[in-house]
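Notes for the one structure printed next.
A short reminder: the numbers here are calculations on the coordinates, not readings from a lab. Being a predicted model, the structure only gives us computed values, none of them experimental. All Cβ positions, glycine included, derive from the backbone under ideal geometry; neighbour counts span all protein chains shown.
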Amino acid sequence: MLQILRNIGAYILLMRRVFTKPEKKEVFRKQIITEIDFLGLDSLGIVAVLSVFMGSVLAIQTAYNIDSPWIPKYTIGFTTRQSIILEFSPTIISLILAGKVGSRIASEIGTMRVTEQIDALEIMGINSANYLILPKIIAAVFINPILIVISIFLGLLGGWLVSILGNDITTETYLYGIQYCFKGFEIFYALVKTAVFAFIITSVSGYTGYYTKGGALEVGWASTKGVVYSSILIILFNLILTQLLLG
Amino acid sequence: MIESRNICKSFGDHLVLDNISVKFDQGKTNLIIGQSGSGKTVLMKCLVGLLEVDSGQVFFNDRNFSEMNFKERKLIRHEMGMLFQGGALFDYLTVEENVMFPLNMFTSKSLEEKKERVNFCLNRVNLINVENLMPSELSGGMKKRVSIARAIAMNPKYLFCDEPNSGLDPKTSILIDNLISEITKEYNITTVINTHDMNSVIEIGDNIVFLYNGKLWWQGTNKEILYTNNEEINSFVYATELMRKLKSENI
Ligand SMILES: Nc1ncnc2c1ncn2[C@@H]1O[C@H](COP(=O)(O)OP(=O)(O)OP(=O)(O)O)[C@@H](O)[C@H]1O
Ligand SMILES: [Mg+2]
């Protein structure tokens, strides 16, 4: 328990150093572009594949569950859409990204810590926490919602593909279903969740990497901790945000 | 000049630095020597502020570094260069980008001017045609030299070197030692070097500080260290057969 409180305290102190004015604007802008490339575009492939497959599975499962004449066929489209927008894209994809991006950030920063590269930055008079972590946070909070929008589209596409291939429903019915009772607020909810999760992934794995002590073994530990902590926090904040926005 | 006044530092109940007061003069290569674990790295990190001291103060030309906040320290940090034990080059940047890094961050020079400065620094440490290599493609000695080039890119007033020749062969060690010593004299830098290499001690030690049991045990020049009667110094200096032989032949 004490350990948890100590971690939270250290995390908050670190964030206070992260959120300060960057040393040099041009350098900062370049860093953000690099990070968008590293954290965002690099994940596009896995996000796309996962989304198409999950969308398909959701559509098949819904079709399987409504084998009754009383429930209209367009429910397949409707349910697939709801699951994708509300939970699958923002939460599951963020959890996947926590594994992929979180471990990468923690091991990158952790390696810089144990090889004294962070000390080298500090000696030059650079706020290393700000220099290393802020561009990652900003890049992810910006790019992850875009990834999620893409994921939603591809998920719906996957659902449509299996539906028409399996002769479950026609394209018109599916399209009617995914537009049925659509609320723009749900997209907003999904994007807010994604942005918060992006902040959690980058800041928490940045934190575990930044405070790595020791050598290569500890870098591995830091990276594992980064993934585990950010996954737990994502689940926790998923509940909190859902209660706040939909409850 | 760098001065420490009564600095103490402990980790838990392990007292590593016990009331260290010492002055390091400008234009001299100042060496901190002592056995492995005697606190050389800790002392250096306390001097540059990478570790906070428990008590005592550090002065840079009479400016009290210990009482400064991050912003004020930054100005002094711009006057510092440091060579780390493992080189600490940024491994995602090329050699040229590494040396240019401080220039990019803190100057508004044009690209040509920066390249010129990088070339000058790399030439100064006798490196040519390595600009586009990555740190992982360099040998240990080359890494040290790139590190020195990066450390002097901003014309530092203070240069810190943590074990500049650990892991290098004797010949390369001497080269690096001489390089640091020359640069120190040439630009009138206050240089502080951690080492346990007796060669360096005798070759370039203008002012030598010996740490023992967390205390400043002995201080003197490279001439004096060979003839002192201090028991602990002698057991450190004459730890090797070679040194003992030299002593018996000399005296
Ligand atoms: N961050 C730390 N936490 C706890 N103890 C530390 C820490 N850093 C150093 N020490 C302890 O301080 C003592 C001095 O370590 P230091 O690294 O200064 O030795 P050194 O003289 O540089 O040795 P070497 O020649 O091997 O580099 C050691 O006993 C070490 O265990
Ligand atoms: Mg050391």
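Taking only complete DSSP H runs, can you tell me which helices of chain A stretch 30 Å or more along their own long axis by Cα positions and average at least -0.5 on the Kyte-Doolittle scale?
The qualifying helices are A:44-65, A:128-165, A:184-210, A:216-245.
Kindly count the pairs of lysines across chain A whose alpha carbons are less than 25 Å apart, treating pairs on different chains or eight or more residues apart as eligible.
17
Students often check this: by mean Cβ neighbours within 10 Å, which of A:167-173, B:175-181 ranks highest, and how do the rest follow?
Per-residue Cβ counts within 10 Å, averaged per peptide and sorted highest first, yield B:175-181, A:167-173.
Could I have the simple spin-label model distance between B:Leu133 and A:Lys21, label points 7 Å from Cα toward Cβ, reported in nm to one decimal?
With each label placed 7 Å out from Cα toward Cβ, I get 4.0 nm.
Any chance you could check the Cα centroid distance between the stretch B:23-81 and the stretch B:160-180 for me, in angstrom?
Taking the Cα centre of each part, the stretch B:23-81 and the stretch B:160-180 sit 21 Å apart.
Obtain the nm distance between the two label points defined at B:His14 and B:Ser235 by a simple spin-label model: each point lies 7 Å from its Cα along the Cα-to-C-beta direction.
About 2.1 nm, to one decimal.
Tell me which residues come under 5 Å, amide H to amide H, from B:Leu159 once H is placed; ignore anything under 5 positions away on its chain.
Long-range HN contacts for B:Leu159: B:Gly81, B:Thr190, B:Thr191, B:Val192.
Please give the FRET efficiency for A:Lys30 paired with B:Arg63, using the beta carbon to beta carbon distance and R0 = 35 Å, rounded to the nearest 0.05. Intermediate results must be reported in sequence, preceding the final value.
Working: r = 34 Å, r/R0 = 0.96.
Here the calculated transfer efficiency is 0.55.
Report the convex hull volume per residue for the stretch A:24-246, counting only C-alpha atoms, in Å³.
129 Å³
Please report the orientation-averaged projected area of the stretch B:1-130, defined via the convex hull of its C-alpha atoms, in nm².
Working: hull surface 40.3 nm².
Averaged projected area of the stretch B:1-130's Cα convex hull equals 10.1 nm².
In a GNM of chain B with a 10 Å cut-off on Cα contacts, which of B:Met68, B:Met100, B:Met142 has the highest mean-square fluctuation?
With Cα springs under 10 Å in chain B, the top fluctuation among B:Met68, B:Met100, B:Met142 is at B:Met68.
Given the -39500 (n - 2.57) contribution per DSSP H run of 4+ residues, what per-residue ellipticity at 222 nm results for chain B, rounded to the nearest 500 deg cm²/dmol?
Per the formula, -12500 deg cm²/dmol.
Taking each residue of A:113-120 in turn, how many C-beta atoms of other protein chains fall within 10 Å of its C-beta, and what is the average? If you can, show how the numbers build up before the last one.
Details: counts 0, 1, 9, 9, 8, 2, 8, 14.
Mean number of neighbouring Cβ atoms from other chains: 6.
To the nearest 20 debye, what charge dipole does the stretch A:88-175 have about its Cα centre, counting +1 at the Cβ of each Lys and Arg and -1 at the Cβ of each Asp and Glu?
40 debye
From the phi angles alone, apply the Karplus equation (6.51, -1.76, 1.60; θ = phi - 60°) to the stretch B:228-236 and give each ³J(HN,Hα) in whole Hz, x where the residue is Gly or Pro.
3J(HN,Hα) across the stretch B:228-236, in whole Hz: 6, 9, 4, 5, 5, 4, 4, 5, 7.
Please work out the FRET efficiency for the pair A:Ser68 and A:Thr242, using the Cβ-Cβ distance as r and a Förster radius of 22 Å; give the result to the nearest 0.05.
Working: r = 29 Å, r/R0 = 1.33.
So, using R0 = 22 Å, E works out to roughly 0.15.
How far is the Cα center of the stretch B:85-132 from the Cα center of the stretch A:58-90, in Å?
Result: 59 Å between the Cα centres.
Can you give the extra length, in nm with one decimal, that the chain gains between B:Glu203 and B:Ser36 once fully stretched, where that is 0.36 nm per residue apart less the Cα-Cα distance?
Working: separation 167, 0.36 × 167 = 60.12 nm, distance 2.06 nm.
That pair, B:Glu203 and B:Ser36, stretches by 58.1 nm at full extension.
Spin-label point model (7 Å from Cα, Cβ direction): what's the B:Leu242 to B:Lys185 distance in nm?
In this crude spin-label approximation the distance works out to 2.3 nm.
For an R0 of 45 angstrom, estimate the FRET efficiency from the Cβ-Cβ distance between A:Ala216 and B:Thr228 and round to the nearest 0.05.
Result of the calculation: an efficiency of 0.60.
In the protein assembly as shown, if the dipole is taken from +1 on Lys/Arg beta carbons and -1 on Asp/Glu beta carbons about the Cα centre, which of B:Gln219, A:Ala59, B:Gly49 is farthest to the positive end?
Sorting the options by dipole projection puts first A:Ala59.
Taking the square root of 5 times each eigenvalue of the Cα gyration tensor, what semi-axes in Å does the equivalent ellipsoid of the protein assembly as shown have, largest first? Let's see the in-between values first.
Numbers: eigenvalues 691, 102, 75 Å².
Three semi-axes, in Å: 59, 23, 19.
Compute a Gaussian network model of chain B, connecting alpha carbons closer than 10 Å, and tell me which residue from B:Ser21, B:Ser110, B:Ser66 fluctuates the most.
Between B:Ser21, B:Ser110, B:Ser66, it is B:Ser110 that shows the largest mean-square fluctuation.
Report, please, the projected area of the stretch A:1-152 averaged over directions, based on the convex hull of its C-alpha atoms, in nm².
Details: hull surface 49.2 nm².
Reported value for the Cα convex hull: 12.3 nm².
What is the Cα centroid distance between the stretch A:24-48 and the stretch A:128-184, reported in whole angstrom?
20 Å
Normalised radius of gyration for chain B, please: alpha carbon Rg relative to 2.2 N^0.38 Å, two decimal places.
1.03
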